[in-house]
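Here the structure comes first, spelled out in structure tokens, and everything after it is commentary.
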Ligand code: ATP
Ligand code: MG
């Protein structure tokens, strides 16, 4: 059965919203669904949140909704926004408005004027496909800016025929332009692209948190509605690069542009290799960020020495500074910095199993697996090899084997505690106890069957009796990672 666009949208409107639209109607207002719900229904995609709008003033919307049992959150009432909750449903109502912005590209309008129809409201929205209005009671679909033909063509285009009228006001729209292209698999209308390029410095007026949120959505754009798709993610990152957004918000990464690498190992310059690696990583934010930033130390090291040696160590603080600037949480910053720091481990796939085991036990199972994923993305992102990456495959197998052998990956998984060690050897709480535990972790990484309390205490006794105990290997040794070649 072929159903019309209007019927398809009607099916997605929850009952609570239909009831609300009837109340609006009684007061002389028409309630519309707008944004993602209309756009995605027409595209046959799932809907993430429900945006609604009408000419009713925000305080009146709040009063009416409250009267009918909705919980009301006055999120941005001066901008006409009110959040309505009922049961599991949440709707964001925005009163029709026209926005005024001051100089620069800051996201917040300097003043808003409420208006009376979708035809006026549409022009304060960003893209034609986001300015489709469905009148909930009458079932009429309104398209003031040509969004339906754009949906058919797969085009993201600004609502106004003059793209600068849209993109100049709010720098965030430049990120949203790329994000919607990537999520929907659409193209940018050429004039919107050129205008975004000329206005890209407006991104500097946007708060780091907002930039971060959009960047995250772009990095994971392939899996918003579909499966992992490296080409899609690379396309989005290349678009950010061509618009000038990478240079503006990630200047440290952009320094890799034009830095060529050994042709034997790399097809791309450092920047493009980073973008490809990111796209090749599994769809998990930490991994995509780590793959994006893994070589961020190369430009600095290359400038100083003409080589790439040491770029992993140089890259770690640079990556951390970028993540801090973009207000990523500490956990993300720690994980990504760790992966950047260690991405050169066993580059030539020649390390002994025992060396790898000790590293993996020290780092933990999850981080070690993440490092294997970054390694695979790095190698595939070089544009030279396809298919499985030998070192990454070997690491994953080894980590899985360690897991099966019940290797302790955390000190808490050792069968003896710090208390046991202190008691047995009459030690006070002191750094030596920590050193002994580290040694036991390393030992069990290779000989997991020794993870039994009495056996561990025997090993500890032998260790305390040797010269090693004064700390020369107390940090757990460390691998002799090769880093020639890349
Ligand atoms: P999603 O499915 O990701 O929620 P959406 O289109 O609903 O997509 P929202 O961020 O929920 O996007 O915003 C709802 C609507 O509000 C958009 O469709 C757009 O019309 C408008 N909008 C949101 N942010 C902006 C902005 N920065 N500038 C102009 N219009 C915006
Ligand atoms: Mg939405």
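The values are calculated or read from the model by the stated rules, or taken from the named source; none is laboratory data. Not measured: the values here are computed from a predicted model. Note that each Cβ is placed from the backbone with ideal geometry, even for glycine, and that neighbours are counted across all protein chains shown.
How many residues does the range 165-222 hold that are within 11 Å of ligand 1 (Cβ to nearest atom), in contact (Cβ under 8 Å) with a residue 12 or more places away in the chain and part of a helix (DSSP H, G or I)? So that I can check it myself, show each step before the final result.
Taking the range 165-222 first, the residues within 11 Å of ligand 1 (Cβ to nearest atom) are 166-167, 169-177, 179-180, 183-184, 206, 210, 213-214, 217, 221.
From what's left, in contact (Cβ under 8 Å) with a residue 12 or more places away in the chain: 166-167, 169-177, 179-180, 183-184, 206, 210, 214, 217, 221.
With the extra rule that they be part of a helix (DSSP H, G or I), the set shrinks to 166-167, 172-177, 179-180, 183-184, 210, 214, 217.
Number satisfying all stated conditions: 15.
If we only count strands (runs of 3 or more DSSP E) wholly inside the range 46-151, which ones have 2 or more residues that are touching a residue at least 12 places away in the same chain (Cβ under 8 Å), more than 20 Å from residue 11 (Cα to Cα) and touching a strand residue (DSSP E or B) at 6+ places or on another chain (Cβ under 8 Å)?
71-76, 81-86, 89-95, 97-100, 111-114
Against the test of being at positive phi, at pLDDT 95 or above and not assigned by TED's automatic domain parsing to the domain that holds residue 104, the options 235, 244, 226 yield a single qualifying residue, 244. Restricting 41, 98 to those that are surrounded by fewer than 18 Cβ atoms within 10 Å (Cβ to Cβ) and more than 10 Å from ligand 1 (Cβ to nearest atom) reduces the list to 98.
Of all the residues in the range 427-451, those that are in contact with a helix residue (DSSP H, G or I) (Cβ under 7 Å, 6 or more places away or on another chain) and part of a helix (DSSP H, G or I) number 12. Could you list all residues from the range 9-38 that are within 16 Å of ligand 1 (Cβ to nearest atom) and touching a helix residue (DSSP H, G or I) at 6+ places or on another chain (Cβ under 9 Å)? Of everything in the range 9-38, those that are within 16 Å of ligand 1 (Cβ to nearest atom) and touching a helix residue (DSSP H, G or I) at 6+ places or on another chain (Cβ under 9 Å) turn out to be 9, 12, 13, 31, 32, 33, 34, 35, 36, 37, 38. Among the criteria (1) modelled with pLDDT of 95 or more; (2) within 14 Å of ligand 1 (Cβ to nearest atom); (3) closer than 24 Å to residue 170 by Cβ, the one residue 55 does not fulfil is (2).
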